[in-house]
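See structure below.
The values are calculated or read from the model by the stated rules, or taken from the named source; none is laboratory data. Please read these numbers as outputs of a predicted model, since none were measured by experiment. Here the Cβ positions follow ideal geometry from the backbone for every residue, glycine too, while neighbour counts run over all protein chains shown.
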Amino acid sequence: MGWVHVGLNSVGLVKITTVLLGLLLSLSSNEVPVLSRAAWQAKPAIGNPVRHDIRFLTIHHTGVAQKPSVPLATKIGNLQKWSQREDRTSFAKVKPAWPDVPYHYYIDFNGDIAEGREAKYVGDTNTTYDPTGHLLIVVEGNFQTERPSDAQLRSLDALTKAMAAKYRVPRVRIKGHGDYAQTDCPGANLRPYLSKLRTSF
């Protein structure tokens, strides 16, 4: 973060983020562009997030309609606000306040990627499986009724390959949420792509 004077006629100081929406943090040797937590102005985690070591890559969908016109920073920021308070889920259950965004990476309709919860911390779930050891990647949309965009699939492919290399996750451990819990996630229209994803590298 930085502070600059914008001139003698300025009414004050203008706060400038060193990484804006157009300046993305590059992760791994594959140079997958990711909007960092600093760039979308994430709040600190609350409570006591638990550390873990990544051994699996697990794909989710958000389960709500795609919103192509909403900026990525707004969507991930709103998700964090919802996550850090007690609130109702899409299953009409009440969830507790979580430490942070439940997922480690968020891929929006346009294929842009945001960093969610820090990968060193266990994510959260509305279902019964234990996400310890899982790097959680969520793709925006309800893929029971919608289809992932081509841009989303390209980004999912690139991010998955980069994270599998970074954490040395074998392809047999790249699965969907529904492989671990009784849920439709990541949706009927995304699930078939996961087998292609596993064999693409």
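Yes or no: the stretch 54-67 includes at least one residue that is part of a loop (DSSP other than H, G, I, E, B), closer than 20 Å to Pro44 by Cβ and in contact with a helix residue (DSSP H, G or I) (Cβ under 7 Å, 6 or more places away or on another chain). There is no residue in the stretch 54-67 that is part of a loop (DSSP other than H, G, I, E, B), closer than 20 Å to Pro44 by Cβ and in contact with a helix residue (DSSP H, G or I) (Cβ under 7 Å, 6 or more places away or on another chain).
Scanning the stretch 47-97 for residues that are on the phi > 0 side of the Ramachandran plot and either of a type in the set (Lys, Arg) or free of Cβ contacts under 8 Å to residues at least 12 places away in the same chain (or both) yields a single hit, Ala92. Comparison of Leu194, Leu159, Leu190, Leu153 shows that the only residue that is without any contact (Cβ under 8 Å) to a residue 60 or more places away in the chain, under 18 Å from the mean Cα position of the chain (by Cα) and within 23 Å of Gln66 (Cβ to Cβ) is Leu153. Taking the criterion of being at pLDDT below 95 and under 22 Å from Arg171 (Cβ atoms), would at least one residue in the stretch 101-110 satisfy it? Within the stretch 101-110 (the criterion being at pLDDT below 95 and under 22 Å from Arg171 (Cβ atoms)), the answer is no, since none of the residues qualifies.
If you go through the stretch 113-123 and keep only what is in a loop (DSSP other than H, G, I, E, B) and either buried (at least 22 other Cβ atoms within 10 Å of the Cβ) or modelled with pLDDT under 95 (or both), you end up with Gly116, Arg117, Gly123. Selection of first residues in the stretch 139-150 that are closer than 19 Å to Ile113 by Cβ and modelled with pLDDT of 95 or more and of second residues that are of a type in the set (A, V, I, L, M) and part of a helix (DSSP H, G or I), restricted to Cβ pairs under 8 Å at least 6 apart or on distinct chains, gives the following pairs, ordered by first then second residue: Val139/Leu156; Pro148/Leu156. Are any of the residues in the stretch 163-175 β-branched (Val, Ile, Thr) and out of contact with any helix residue (DSSP H, G or I) (no Cβ under 8 Å at 6 or more places or on another chain)? Checked the stretch 163-175: no residue is β-branched (Val, Ile, Thr) and out of contact with any helix residue (DSSP H, G or I) (no Cβ under 8 Å at 6 or more places or on another chain).
Take the stretch 124-142 and flag every residue that is under 17 Å from Ala181 (Cα atoms) and part of a loop (DSSP other than H, G, I, E, B). Asp124, Thr125, Asn126, Thr127, Thr128, Tyr129, Asp130, Pro131, Thr132, Gly133 - these are the residues of the stretch 124-142 that are under 17 Å from Ala181 (Cα atoms) and part of a loop (DSSP other than H, G, I, E, B).
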